[in-house]
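Since every read-out is calculated from the coordinates, none of them should be taken as a lab result. Model, not experiment: these values are computed from the prediction. Don't worry about glycine lacking a Cβ; one is built from the backbone with ideal geometry, like all the others, and counts go over all protein chains shown.
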Amino acid sequence: MADFLSLHDAVQRNLHDGDIVAFEGFTHLIPHAAAHEAIRQGIKDLTLLRMTPDIIYDQMIGMGLAKKVIFSYAGNPGVGLLRRMRDAIENSYPRGIETVEHSHSAMAQAYEAGASGLPCAVFRGYKGAGLKEVNPDIKSVICPFTGEELAAIPSHRPDITFIHAQKASEKGDVLIEGIIGVQKEAALAAKRVVVTVEEVVPSFKGLHPNLTILPHWTIDAVAVVPGGAHPSYTHGYYARDNAAYLEWDKISADRQAFGDWMEVNVLRVGPEIFAQRVEALR
Amino acid sequence: MSDFTPTEMMTIAASRALSNDDVCFVGIGAPSAACNVARLTHAPDITLIYESGTIGTAPHVLPLSIGDGELCETALCTVSVPEMFRYWLMGGRISIGFLGAAQLDRFGNINTTVIGDYAHPKVRLPGGGGAPEIATSCGEIFITLKQAPRSMVNKIDFFTSFGHGEGGNHRQRLGITTKGPTLLITDLALWRPDPETKEFTVTALHRGVTRQQVQDNCGWPVRFAELVDETPEPNELELGTLRDLQARTAAAHRSGAQ
């Protein structure tokens, strides 16, 4: 049953040191406000799952929250590299991180398998790919019917998944439209689910019948955070802040500039700041 | 048209390789520009698919990321990411995969993962994203990149996505049934794999480019086909379309909240 909580309380009650956690959203609906709350609360030793670590994990890694990252594309989409993540991998700054690298297809299917209650995902992938040599989690199985060799990887079973969505109903049912990504699978694969939303509406009556992705009884907490995906976007509410993604390349290039930026824009503010950040993008 | 850059020639030559009937899985960057120039010129009905799940998309500006809202708003439909990879890519519904590369070898194997050793990289690049399965699941693969000795190398540091491996029938030996890389479009030339060895061979030079230039910007000894054509230069429609698209894109990406 979904509790409506402040973002502070939703994070404090559900995210703990050492958790395996996914903050999902495929370019769209990335739960940045929730990640900033985790940073403010100083949660430690997290194993971070995400297809594209993106700015959201660059910030968490740069602030030292992560001990391990499981991912499939460590880029700033369309811009270049993730400089804080690179610094952690190449120079163990601010701490060394363990990395487990997959393809997008594998990550998506590991969530799907987790949501299905299966121990592993099986698919026709990784043929000739170098990741097989460096990621011991990539194994193979033989199809019992055709004899074909297929790739197998363990399913994702996060302790907790955070997502951002357009709307919740008053009961806590959650609706997503636009690029739907892998959030439904990531949520249903997890033990606990926290959703930040743009707004709460009385009910979803009269809306398109396929828009509700998660019934309230699959969710632990809902927090209302308008603008909570920024600089990612929320379809129908505000656009992606592409200029901020370009700017991040400069901020993250320097340890001091990064630290200063996080101090001013994350540590000293609260989730209410996100509504202002998207004003010009609506 | 006499006034065009090598990069413009590359993008336009790449766009010409696409046809109206193609279903194309589009990588970000140079592939995305080429695919959209094709759609806006000779291939208006081409189906462009981005890995964010957007099928049949027709963006007005080039997306900065593979998941920009523009892609969804202009798409025929948008599916979940697991569905994208399972039903559409690995289900064999996509005719052409269009990829870029950080490092490429003569057999079309691509590295976008690391420079140096994987465990202790000199440079950690973004990695494969969808590419490992795009490279083996699409009917065929087009690759586009700017030539330089450090990007076209004798030996890549990591096999992010498999091209023709060691050449010959290496794909078949691994049980891969798709064609793999069939075309490489650079800023200097068009390359196609030799039918037997699968080594990329120059089949056309862009206007004004010499064989020596191609060799100077490639890290392996370049093979040229018996007959080397000259790539027709961009026409007014192609160049105008590309420049308009890039101008719209630059303006759109600069704007945003402060």
Worksheet entry | Highest-first arrangement of A:93-100, B:80-87, B:213-220, A:63-70, where packing means the average Cβ count within 10 Å | B:80-87, A:63-70, B:213-220, A:93-100
Practice prompt. Measure of size requested: the Rg and Dmax of the range A:104-154, with Cα atoms as the atom set and Å as the unit; please supply both.
Written response: 10.8, 29
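Does the range A:126-282 come out rounded, prolate or oblate, given a ≥ b ≥ c as the square roots of the eigenvalues of its C-alpha gyration tensor, rounded meaning a/c under 1.5 and, failing that, prolate meaning a/b above b/c?
Here the range A:126-282 falls in the oblate category.
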Discussion item. As a footprinting exposure proxy, order A:W217, B:W88 by other Cβ within 10 Å, with the fewest listed first.
Written reply: A:W217, B:W88
Worksheet item: Taking neighbour Cβ counts within 10 Å as the exposure measure, how do A:H8, A:H102, A:H235 sort from fewest upward?
Response: A:H8, A:H235, A:H102
Worksheet item: Can you give the convex hull volume of the alpha carbon atoms of the range B:6-253 per residue, in Å³?
Response: 128
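Expressed as a whole percent, how much of the Cα-Cα distance distribution for the range B:1-49 exceeds 19 Å? Display every interim value, and only then the final one.
Details: 230 of 1176 pairs.
It works out to 20 percent of all Cα pairs.
Calculate the mean, over all residues of peptide B:81-91, of how many other protein chain Cβ atoms lie within 10 angstrom of the residue's Cβ.
Working: counts 17, 15, 4, 6, 11, 7, 0, 0, 3, 5, 1.
Counting Cβ atoms of other protein chains within 10 Å of each residue's Cβ and averaging gives 6.
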Practice prompt. Using only atoms on other chains, find how many Cβ atoms lie within 10 Å of each Cβ of peptide A:77-85 and report the average.
Written response: 4
Fill in: Cross-link table A:K139/A:K184; A:K139/B:K198; A:K44/A:K67; B:K155/B:K198, entries beyond 20 Å C-alpha to C-alpha
A:K139/A:K184; A:K139/B:K198
Worksheet item: Rg and Dmax of the range B:174-258 over Cα atoms: what are they, in angstrom?
Response: 17.9, 56
Worksheet item: Taking the Cα centre of the range B:6-253 as the origin, how large is its charge dipole in debye, to the nearest 20, when only Lys and Arg (+1) and Asp and Glu (-1) carry charge on their Cβ atoms?
Response: 580
Item to complete: For a footprinting-style exposure proxy, rank B:V228, A:V225 by other Cβ within 10 Å, fewest first.
Response: B:V228, A:V225
Fill in: Cα gyration tensor shape for chain A, rounded if a/c is under 1.5, else prolate or oblate
oblate
Discussion item. How large is the Rg to Rh ratio of the range A:1-154 when both quantities use alpha carbon positions and Rh follows Kirkwood?
Written reply: 1.01
Worksheet item: If packing is taken as the mean number of other Cβ atoms within 10 Å per residue, what is the order of A:174-185, B:56-67, highest first?
Response: A:174-185, B:56-67
Discussion item. I'd like to compare A:141-154, B:168-181: which one has the highest average count of other Cβ atoms within 10 Å, and what's the full order after that?
Written reply: B:168-181, A:141-154
Response to the item:
So A:V122 and A:D9, fully extended at 0.36 nm per residue minus their Cα-Cα distance, gain in nm 36.9 nm
Worksheet entry | 20 Å binning of all Cα-Cα separations within the protein assembly as shown, expressed as whole percents from 0 upward | 23, 56, 21, 1
Worksheet item: Given that compact globular proteins tend to follow 2.2 N^0.38 Å, what is the ratio of the alpha-carbon Rg of the range B:47-140 to that value?
Response: 1.20
Practice prompt. Provide a whole-number value for the mean count of partner chain Cβ atoms within 10 Å of the Cβ atoms in peptide B:167-175.
Written response: 1
